[in-house]
1. On a straight-distance basis, which aspartates and glutamates could pair with K274 in a cross-link, Cα separation under 16 angstrom, same-chain partners fewer than 8 positions away excluded?
2. Could you check the simple spin-label distance between T150 and T15, using points 7 Å along Cα→Cβ, in nm with one decimal?
3. Mind giving me the FRET efficiency for W362 and S185? R0 is 56 Å, r the Cβ-Cβ distance, nearest 0.05 is fine.
4. Just subtract the alpha-carbon distance of R388 and R99 from 0.36 nm times their residue separation and send over the number in nm, one decimal.
5. Distance between the C-alpha centers of the stretch 366-384 and the stretch 206-229? Whole Å please.
6. Between R556 and T335, what is the label-to-label distance in nm when each label sits 7 Å out along the Cα-to-Cβ direction?
7. Cα centroids of the stretch 429-487 and the stretch 313-354: how far apart, whole angstrom?
8. Taking DSSP loops as anything outside H, G, I, E and B, show the longest stretch in the chain free of chymotrypsin sites (Phe, Trp or Tyr not before Pro) there with at most 13 other beta carbons within 10 Å.
Amino acid sequence: MRSPVSRRRGGWSETALALAVAAVLAVLIVLPLLRIAQQALWPDGHWRLGAALTRLMAADTVQATLHSLVVSFGGTVVAIILGTAYALLIGLTDLPGKRALVFLLLLPLMIPPQITAMSWTQFLGPGSALLKTIGLAPPPGSANPVYGPTGIALLLGLQQTPLVFLALRPGVSNLPSELLEAAQSAGASTAWRVRTILLPLLTPGILAGAALSFVACLDNFGIPALLGAPVGYTVLSTLIYQRLSGFGLSVLSDVAQLSLLAAVLALLGLTAQKLLSRHWQGHLSGASSAYRIALGRWSRPLQLIAWGTLLVLLAAPALALLTTSLVSIDGLALTPDTMTLGHYRNVLNDGMVRTALRNSVWLAAWAALLTAVIALPVAYLVVWGRRRLTTLLAALADLPFALPGAVVAVAAILMVLPPLPWLHFSLYGTLWIILYAYLLRFLTLAIKPVVAGLSRLDPALDDAARSCGARLFMRLRTIVWPLAAPTLLAGGILVFLMAVNELTVSALLWSSGSETLGVLIYNFEEGGSTGAAAALSVLTMVVVLVLLALLQAMARRLPRGALPWA
């Protein structure tokens, strides 16, 4: 326990740091969200509740809201089915190869949504190069089955399956064996044990994962944009994009009102997830031993089913995308005569692609660096300094990541559109507004690993240095930084990985010269340059896999909780 002397020493410096950190977090988190509410309800110093109500009751808003709810609920159902099945199989059984299966299962969460949508359109469409190569392509002119609400819901569910799995896995791995074994020894049938013991124990965790999945489905832009636009199916995120890209800054109040509606829906889901997760953790407390099932002769069939399902859902669309990138003309089968690397050469030699790559790497690197710089003092003040204000603001950092990306983009516009004080110029239309939005959106990814790491370390070294008169910044540099470096690196790689392929925020904030990779892939596909879009997507997926492999290699050396899947 820290002595009164050690608490007094460095107190002013800790207070100053806490105030500085609070100011940074307020500018990055609190003020942008308040600006959305102000622009939506009080844009010119007067309440505009009537105008806001009119906007929210408009036919396009009601339709987009209903569409958002439909595909989000549908995607959540798909995510629950797949996520629960894999959580039970991996958490309760002795299935071989669990580590590799988990890595493959979590890939959809890291693959950009626009690439997910493109891979499936290239997989199942009548012009599929892969299906034409093997003679299974649908008849020319037939509709692509992934266009519309069913396809959107299925792909949203596939991409959010890891969220349900991650929410369920810790609890499933710690199911109390006493109840299930007692029921089994008393002669209860398997169906009875599942209905009366297993399902009640799993329900809170399933609901918590479902709420998290629902929020993530609301946030998604790439899948509804690419699969909904061809059939005129609009959701809230694409409606905000259409309004802002079509009418510009003249409709800021309109898009702020739409953003406020999207934020309310997401916050309801997030609140439900927090409450259910808390109930889930308490529901399983006190378990003395975990329940396990020996598969025996069922081990090999279940392993084949588990791997086969993921390979069909992930590898087949990826192979279709690769095939499209290697075909000289879109819609042809892949043969020695049609095979080409021309799309890759064109992409690598395209000045616009090089600009987008440079912008994406620059934005992602600075976002990773700045979030790490902010995360270190925040985690120190939360875990070892126990500063209540910092703890509250750090908890609020979850909000921008949980809110739809369109909401974050509108918040960034409202914050940086006015000229900067004393500098008299605006950041709107530059890379800096995208960087600001990335900091707002991804800050929590850097904070959480460091908080998890420091919470598992003894603060005795910091207390000893404090008692010897070491000032705060010396302690941060010589004690906290070396201890937190692995988790800072893990958080930085996560931020880089999410930022380098980001689309939703960038699609609303980019301008000529500030394109990013995500925006360019989307624009290529929308503009009919399918081969170029496929080639750039394949290269992007290779980068994602390399970064994920690097994170996985670090997993054993990091504290538990530093990576979401470790």
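The numbers here are math on the coordinates, done by the rules we state, and not lab data. Since the structure is predicted, the reported quantities are computational estimates derived from the model, not experimental observations. Reconstructed Cβ throughout: ideal geometry from the backbone, glycine too, with neighbour counts over all protein chains shown.
1. Counting by Cα, and skipping residues close in sequence, K274 has these aspartates and glutamates nearby: D398.
2. Rounded to a tenth, the inter-label distance reads 6.6 nm.
3. In this case the efficiency is close to 0.35.
4. Working: separation 289, 0.36 × 289 = 104.04 nm, distance 3.81 nm.
Roughly 100.2 nm would be gained on extension.
5. The stretch 366-384 and the stretch 206-229 have Cα centres spaced 29 Å from each other.
6. Calculated label separation equals 5.0 nm.
7. Using only Cα atoms to place each centre, the spacing works out to 43 Å.
8. 48-421
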